[in-house]
Structure formats: structure tokens, C-alpha cells
Amino acid sequence: MCGIIGCVSDSDVLEILLDGLTNMEYRGYDSVGVGVHDGKTIKVIKVVGRVAELAKNPDLKSTCGKIGLAHTRWATHGGVTPENAHPHLSCDRSIAVVHNGIIENYQLLKNELELKGHIFRSTTDTEIIPHLIEEELKTGRNQRDALLAAVNKLKGSYAFLVLFRDLNDRLYGVRKDAPLIIGLGGNKNFVASDVLSFLKHTKEAIFLDNFEVAEVRRNSYTIWNFNGEEVLHTISTLAWEATSFQKKEFTHYTLKEIHEQRESIFKAFNQDINEVDRFCLSLQGVNRVYIIGAGTSYHAALIAKHLFIKMAKLPAEVILASEFEDYIPLVDEDTLLLAISQSGETADVLSAINVGKRKGASVLSIVNTPTSSLARESDYTLYLKCGPEVGVAATKSFTAQLAVIYSIAFRLSNTAADLQRLSKAVNRVFDVERQLAYLAQVFLTAKDCYFIGRGLNYPIALEGALKLKELSYIHAEGFAAGELKHGTLALISEGVPVVALNPNDKTYHDTLSNVAELKARGAKVIGVSDVANPLYDYYVEIPSVESIFYPIVEVIPLQMFAYYSALERGQNPDYPRNLAKSVTVK
Ligand code: M6R
């Protein structure tokens, strides 16, 4: 994870770097640092905390330069300390590096470098990079060749930037299994983990491929592969607008993105019919379909499996991307992997599809970020079209994933739905927002919270629990309602909140029986349903919709509950502790 940005400009880069980092804080926000070449030396400032902390640092006032690099961290190797924040420097401070990813063989390299006299100041894997380059320079190589020689000794997945004190007109960027993009801004060029960091300055970008090194100057660039051979790339024009990253009238991105669902769901439904048909042909043309995702995208995958079976009798298996390895023996040319991901950069997902491709499987994906690695590595992709999602919690991307999945299921089964009715229903869901804010107050001191549902509502129970734990830090679990009596009931005692997803579908009566069992053991039940019942201590009314659409109208109140619970408990819902939006490490 972590966000990295570098800029070479004809004017001071400090503000540009800090602003770029702010737009990448979703990638990590436990510590932050910047390195600027002032013409003579590389000045490095780093702190624990977010970009706003760094911006207050008095040393910044005397920092200026036309070339620099910066980093926002999500710790993997080494605790959250100023020493472990990036940039990291070589012994003689002539080489600065910011890095996203993991160097797997760092311990071995560190031992070798220490034997050669290198002194390490941090406990990170990253710090071996500047020392390794420093060592390669001693052999008489120039900077580019020393970098290439060092890169060929690294194992792992990484994107990193290098600034040399003795070359104050260029930056180097290296990519292997972590995103890295060059932004071409006329009188300034960028190289960063995400286009969001420079979108304000330019829409012209080059997406580096794995095993590439870029040299970026103020108004030119060159790209080589790891063998030093020059590589040519086409320049892409970015589709997203910088304005879509503004919070507008909302206090948090998360709340803004929850509200955007009134429109985003229907933008996602609006897929080109020919593209959906092509997707369906691929799905139907193979022996085995595995649907892969992580976190919220995994919950969308569970719903896809239900719908494909229910509506089109198309069997599919859902696999957590991080658990895919065990299924590799079953993957062959007659296998299709359907990868679902908001970011398209989740390392577990990319690793699964890469292994699958090597065994001959074809890859379809459902992705939000058009320029992501997953989109580029898939045979075919359908897009969520919900615009950038900044809040760490997936909200609008989840319902957009559902909309794309419904579109596929409708085509597979030659059916259609009344989307106007659904649109009215989605608008009506927002009537319960105040009630959810109130319930967040009622359960302010709750230590645990459970979510139950059957059938299509079960993945929503999982999703409701994930949202609550990641935003409010309340211990929460989702269960298949029928499983309660097989163990989970033992957890229920007086006053424990349980959210029952109980719409008026074929699961209604069975789930109601489970609610009665919970009540008999003292649970406080929040019934999310379109049918009131005296068994519920609190009734959150959702609109009646076609039964397959209940997941959409159920999940929005659960997102609100998680958001307001975070606020009640004094947490910032946009930046939950220990997490990052884009999980680019395995
Ligand atoms: O970008 P992806 O959809 O691949 O991300 C997968 C998960 O990391 C993500 O859904 C995560 O669980 C969210 N924070 C959940 O809100």
C-alpha cells in the first residue's frame, strides 16, 4: 500500500507534492515524508501522522526546490516511527527513495550490505534500496545502470522512486507488481502511484508495465525494461475529473459517496448491451467459473453466485482472492476467472488472476478504475462507472458492482427489471438516515453487534458487519440466520444488538423465527424490513422492491449505521485506523 509521488518542475514542487499526497492518503496514512532537492542536497522531512501534520512542520518553510519525492505510509515492515517513514537515504545521503510494496529478500540483502559497512537508520525493507544503489555506484556505473543493477537483485512486489543528489534534473521510477504512472504536465512531469495525485495538473498519463524503469525529466521521459532496452508506450488521456474528488457539502467523503448511490447505481446499470453480451458468452462458454474478490468485493461476488444460479442456472464458485492458491490445480484452459474489484489494484486479486492466466484460464473483470492493473490484465472488463471512491469503506462501489452483476444476470436469463421503480425505492431509503444516526447513539456503548440474513440477504449481513467494524471499531459479525442455532446463539445475552435483514421475500418467515429465538435470549433486534413486526425493538423500514433487489435497499441503511456509529465514537470515517483503501500487498 502506501502512496508515492515525485515531481520535476520549472517551479517549486513542495506544495504540489503535499497536495498530491493528500489525494493519495487513502493508500495509507500512518506517517508521511518528503524529500526535495534544493540544488545542493536532498532535504528530507518526515513525521508520524497525516499530511496535515507534515504541513505544520516548521522546517518546511525553508524547504524549496524544483524536484522532489514524497510518501504516505501504511506500515508493513517496521513500526510507525519517524525513522521508518520515507524517504530513506543512502549512507552518504546522496540517494533518496520512496517505496510502495514489499522487498521480500531484504533481510539477506541487508546482511550483505551491513557486512560491507552500510549503516541502517530504520527497520524497513525499503532502506536497502538506496544502500544497494549506493553500492552499485561504487563499481563505476552511472546512476541509471546502478539502479538497473540494484533492481535486478530485488525480489518482491514494488514501485519506487529514486532521487539522486548528483542528478538534479530527473527522477527515476521502477515498477514491478505495484502501480506506477507518469503524468505529463507540460512544464512539469510526475511519477506516482495513482493519477489522483496529479489529475489537477494533467490528464495525460503513461501507465508503466511490470519490469520497467522510467527516467522522468521536466519535459521529457525515457522508459526501459529491466534489461536496459528502451520501451515505447502510448499516452492515455484520463477520463476522471479532478472535481469528482471534492467533498462538496458533505462533512466526509464516506457520507458523500453513500448519497451518490441515488445516481451511481443507475449509471452502473447503464451498460452497453453488446459488451454485456460478450461478457455473458464468455461466462457460458467454459466448464468452470470462479468468482474472485476481497472484502466488500467478495460480498458482491457471493451475490453474483446466488444470482447466476438462481436466474440462469449458471454454476459458479466464489473464492476469496487471498485463498485462491488452493484452487490452482483445478484451473485450466476451460476455466474462467471473474475478478471483482473497486480499485483493480488489490494484490491478492492480481496475483490470483496472474496465476490463473499462466494456467490458461480466461479473465473477466468488474472494475471501477478504468486504468487499473486488473482492467489492463483482463481479457474483458465491465466498468462500475461510479466515479472515484475516496472513503476507505467501499459504499457506492458495492452497489455499482451489484448493478453490473444484475445486468449480467438479466442478460444470462433473458429477463429485465423495472429500474424506475428501483430508482424511486433507492431515493426513499434515504428517509431513514436520521433514524440510523439515532440508532448509532442508542448503541453507543455496545461492544458487539451481529447481523443476520438468509439467501441473498446473507452477503448483506456480512457486508453490514464489515462496514461497522471497519468504521466504528465495534466487534461485528455477519451470520447466515439459519446458522444461529448451530453455535452463535451462545454469544447472545441481554441487550446485545442484532440487525436482522428480513425483507418480504421467501426467507421472511424463517428469519422471523430466528428473530424470536434471539429475542427469547435478550437480544435487542433492529429489523431491516418492509414489513413491521412487534418482535423488532427498532424497525428500519425499507421500501418494497423486486425480491432480487433487496440487497441494494438493505445495504444503504447499514452503511449509514456504520458511518454514524463512527461519528458517535469520535472516529474519522474516511480514514479508519490500520486500513488503506487500495491493498497492494499480499
Ligand atoms: O479495491 P477492491 O474492491 O479490490 O478492494 C477490496 C477490499 O480491500 C475492500 O473492499 C475493503 O474490504 C473495503 N475497505 C471494505 O469497505
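Rounded to the nearest 20, the size of the Cβ-charge dipole of the stretch 189-287 about its Cα centre is 460 debye, with Lys and Arg at +1 and Asp and Glu at -1. Does the stretch 3-238 come out rounded, prolate or oblate by the C-alpha gyration tensor, with a ≥ b ≥ c the root eigenvalues, rounded set by a/c under 1.5 and, if not, prolate when a/b is larger than b/c and oblate if not? Verdict is rounded for the stretch 3-238.
For the stretch 430-586, the normalised intensity computed at q = 0.09, 0.15 Å⁻¹ comes to -0.26, -0.73 (log10 of I(q)/I(0), Debye sum over alpha carbons, equal scatterers, no solvent). A simple spin-label model places pseudo-atoms 7 Å from Cα toward Cβ; at E546 and N152 they are separated by 5.9 nm. If you average over every viewing direction, what projected area does the convex hull of the Cα atoms of the stretch 182-261 give, in nm²? One quarter of the hull surface, i.e. the mean projection, equals 6.6 nm². Using 19 Å as the cut-off for backbone N distance, which residues of the stretch 121-149 belong to the label zone defined by a point 7 Å from the Cα of D169 along Cα→Cβ? Inside the label zone: 142-145. Of the peptides 541-554, 188-201, the order by per-residue mean of other Cβ atoms within 10 Å, starting with the highest, comes out as 188-201, 541-554.
Label-to-label distance, H233 versus T41, with points set 7 angstrom from Cα along the beta-carbon direction: 3.3 nm.
Phi-derived couplings, Karplus 6.51 cos²θ - 1.76 cosθ + 1.60 at θ = phi - 60°, listed residue by residue for the stretch 382-393: 10, 9, 6, 6, 9, x, x, 10, 9, x, 4, 6 Hz, with x used for Gly and Pro. Computed over protein heavy atoms with a 1.4 Å probe, the carbon and sulfur contribution to the accessible area of the stretch 430-586 reaches 50%.
Could you work out the relative contact order of the stretch 308-370? I mean the mean sequence separation of Cα pairs under 8 Å and 6+ apart, divided by the number of residues, in percent.
Details: 74 pairs, mean separation 23.2, N = 63.
Here the relative contact order equals 37 percent.
Surface composition of the stretch 3-238: carbon plus sulfur atoms hold 49% of the accessible area, using a 1.4 angstrom probe and ignoring ligands, DNA and RNA.
With a sphere of radius 14 Å drawn around the Cβ of D418, what net charge do the other residues whose Cβ falls strictly inside it have (Lys, Arg +1; Asp, Glu -1)? Charge balance near D418 sits at +1. Rounded to the nearest 10 degrees, the angle from helix 106-115 to the longest Cα principal axis of the chain is 20 degrees.
The C-alpha atoms of the stretch 202-316 occupy a region whose extents along the principal axes are 55, 47, 29 Å, arranged from largest to smallest.
Average accessible surface for the chain: 38 Å² per residue, computed with a 1.4 Å probe over protein heavy atoms with every protein chain in place.
Label zone (K116, point 7 Å along Cα-to-C-beta; backbone nitrogen cut-off 15 Å) within the stretch 50-92: 90-92.
222 nm [θ] for the chain, helices only, -39500 (n - 2.57) per DSSP H run of 4+, per residue, to 500? Here the helix-only value at 222 nm equals -10000 deg cm²/dmol.
Here the 3J(HN,Hα) profile of the stretch 86-92, calculated from phi with Karplus coefficients 6.51, -1.76 and 1.60 at θ = phi - 60°, is 9, x, 9, 10, 6, 3, 8 Hz, Gly and Pro shown as x.
Placing +1 on the Cβ of every Lys and Arg and -1 on the Cβ of every Asp and Glu, with nothing else charged, gives the stretch 189-235 a dipole about its Cα centre of roughly 340 debye. Electrostatic tally near T81: other residues with Cβ closer than 13 Å to its Cβ, Lys and Arg +1, Asp and Glu -1, net 0. Taking one quarter of the surface of the convex hull spanned by the alpha-carbon atoms of the chain gives a direction-averaged projected area of 26.8 nm².
Angle of helix 508-520 to the longest C-alpha principal axis of the chain, folded into 0 to 90 degrees and rounded to 10: 90°. Mind checking the angle between helix 457-472 and the chain's longest principal axis? C-alpha axes, 0 to 90 degrees, to the nearest 10. Relative to the chain, helix 457-472 is tipped by roughly 50 degrees.
Summing +1 for each Lys or Arg and -1 for each Asp or Glu among the other residues whose beta-carbon sits under 14 angstrom from that of S362 gives 0.
Averaging sequence separations of C-alpha pairs under 8 Å and six or more residues apart, then dividing by the length of the stretch 3-238, give the relative contact order as a whole percent.
20 percent
If R0 is 25 Å, the Cβ-Cβ spacing of N210 and Q571 corresponds to a FRET efficiency of close to 0.10. Collect residues whose amide H, placed 1.01 Å from N in the peptide plane, falls under 5 Å from the amide H of V231; neighbours closer than 5 in sequence don't count. For V231, whose amide H was placed from the backbone, the distant partners under 5 Å are I223, W224, N225. Our summary gives the stretch 15-98 a relative contact order of 35 percent, counting only alpha carbon pairs under 8 angstrom and 6 or more residues apart.
The values are calculated or read from the model by the stated rules, or taken from the named source; none is laboratory data. Values in this document were obtained by computation on a predicted structure and should not be read as measured data. Methodologically, a virtual Cβ is constructed for each residue, glycine included, from the backbone with ideal geometry; neighbour enumeration extends over all protein chains shown. Ligands, DNA and RNA are excluded from the accessible area calculation, which covers all protein heavy atoms including side chains. Shrake-Rupley method; radii C 1.70, N 1.55, O 1.52, S 1.80 Å.
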